[in-house]
Amino acid sequence: MAASKEDARAYAEHGYVVARELFSPDEAAAMREHYMSLRAEGPRPGDFGGTADQPEDPTHSYPRLINMHAYDVASKEWAADPRILGYIATLIDDSAVLQQSMLYFKPPGGRGQGLHQDQQYITIDPLVGMWMALDPSDEEVGCMTVAPGTHRLGMLAVQAADTSESFTDVEAVMPPSVVETPLLMAPGDVVFFHAKIVHGSYANRSADRWRRSFICHYVGAHATSFDADPGTHVSHVGRD
């Protein structure tokens, strides 16, 4: 499936575009069931990103999965779905190549992720994020939040994050003029976002709702790596 011209314009202007019902609710339900079963099989490499390895954190019992496509056939197929690859190809005018896959469970009480730019982690350009809601995603459960237009600001400085709210310990230094927009999404909705747009999420404040999401990053077939400017990469923030 290709993005429309309007979608491509929105992506260029705002740094993101939401594709409603790109996947069906039944497909999202199948993914939820699959990843809950996969998580129940036991530890996997890279489970605990950031500061998630804290026994008192609800996320500790359901840590993320990362790069599932390397060992799980279903993940590889979902990440390579033509609906996703076709959409991204239109946005970047190049073939999309999978760089990374992740699954975040975000159980009730789980922390969010500090606002950041993906290229503060992955220094490749072009780079596009794909975030699919597997559960109803709203502000109560800590939905994806974006800052429209920030992809045009270049690479922002990084600083230490408040780890009582964020499972990652680094965040972007936000210009005072930035306005955050929460993305309310239904299961199967997908947001595609530019690697320089500031985005993240807040904690899951609900008592009994999950906010599971399937996330992949893609690079263009002709992408190139770059050196991060001083102070703009997560490795530039001192840690105790």
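Points worth noting:
- Across the range 1-127, Cα-Cα pairs farther apart than 18 Å form 63% of the total.
- Kirkwood's formula applied to the C-alpha pairs of the range 201-240 gives a hydrodynamic radius of 14.9 angstrom.
- From helices alone, the chain scores -5500 deg cm²/dmol at 222 nm; the rule is -39500 (n - 2.57) for each run of n ≥ 4 DSSP H residues, then divide by the residue total.
- Of the trypsin sites (Lys or Arg not before Pro) in the range 7-42, those whose Cβ has at most 16 other Cβ within 10 Å and which sit in DSSP loop: 20
- Highest-fluctuation residue, 24, 225, 166 considered, GNM on the chain with Cα pairs under 10 Å: 225
- Loop-resident chymotrypsin sites (Phe, Trp or Tyr not before Pro) (DSSP state other than H, G, I, E or B) in the range 167-240 with no more than 15 further Cβ atoms inside 10 Å of their Cβ: 226.
- The range 149-240: trypsin sites (Lys or Arg not before Pro) in DSSP loop, at most 14 other beta carbons within 10 Å: 205, 239
Values in this text are rule-based calculations from the coordinates and carry no lab data. Quantities reported herein were computed from a predicted structural model and do not represent experimental measurements. Cβ sites come from the backbone with ideal geometry, for glycine too, and all protein chains shown count toward neighbours.
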